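Reading through the structure tokens given below for one structure.
Taken together, the values in this text are just the output of simple stated rules run on the coordinates, not laboratory data. It should be emphasised that the depicted structure is a prediction, and the values quoted were computed from it without experimental measurement.
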Amino acid sequence: MSCSMNLKNISYKKNNNYLFKNINLNLGHKEKMAIIGQNGVGKSTLIKIIAGLEEPTNGEITLFHNQIKNKKDFEKYRDEIGYLPQDVSNFFLCITVIEDIMFSLLTLGVDKKEAYSKSVNILKILNIIHLENRVIYELSGGEQKIVALAAILVKEPKILLLDEPTNALDEESEKKVLSILNSIEKSMIIVSHHKSFIQKLVSKIYKLEDKTLKNEPIYTHFYTQHSVVHGL
């Protein structure tokens with residue numbers, strides 16, 4: 001299995017204390033894994049480091065077989081990594097759903113007509129085309145989460161980094177997000193406290209505990225057949 005990302009001896013110090021030390025992790029091509037752990041152990045910080053939004057105190061990151069030394073080195077890979085924050089309330093830059101998703105493409109230099117076509121297509125794929133012209137801040141928390149995911153997926157990143165993707169979702173929205181993520185063949189790291197959700201999605205679970213990552217057994221794993229979302 002080719003490697004999408006490798007972390008070697010990653011450490012992060014906060015207020016003169018290490019939040020975690022010597023983290024080692026390999027994310028394979030199209031591999032899906034999860035990181036669990038108690039509140040405050042550094043799960044969100046770790047995924048921000050992986051996303052290039054925070055710099056580690058020590059350690060090395062290799063992305064697509066290229067060494068990353070600082071935030072600047074991440075820049076050329078920024079569009080290859082789709083990061084979904086735990087709280088998406090500040091994620092959006094436009095008023096309506098279609099405008100916000102189009103904006104993701106327009107910033108990449110895609111012309112307006114193509115951006116609209118691709119944006120409508122992703123809304124159809126995710127079964128939220130009915131939200132096309134809705135004002136984002138009038139949507140439910142679950143709808144906002146799925147729209148934010150659409151804005152990420154429309155750029156066709158190679159790696160998805162998802163911080164608590166089921167946070168504040170109702171049961172129906174959670175099932176929809178699970179179905180979406182199961183249908184996508186991409187490298188994926190999910191930070192979550194919701195073990196029953198990730199058991200249905202990932203092949204590996206790690207627990208951030210005692211300042212390091214430990215293998216966590218998947219006691220129950222549900223294997224089902226899922227169709228691949230074409231074009232993602």
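A few remarks follow.
- C-alpha long axis of helix 141-153 to longest principal axis of the chain, angle in °: 80
- Under 5 Å, built H, 5+ apart or other chain: amide partners of SER4: LEU27, GLY28, HIS29
- Inter-part distance where the stretch 53-77 and the stretch 107-152 are each reduced to a Cα centre, Å: 29
- Rg of the Cα atoms in the stretch 2-160, relative to 2.2 N^0.38 Å, amounts to 1.15.
- On Cα atoms only, tilt of 97-106 relative to the major axis of the chain in degrees: 70
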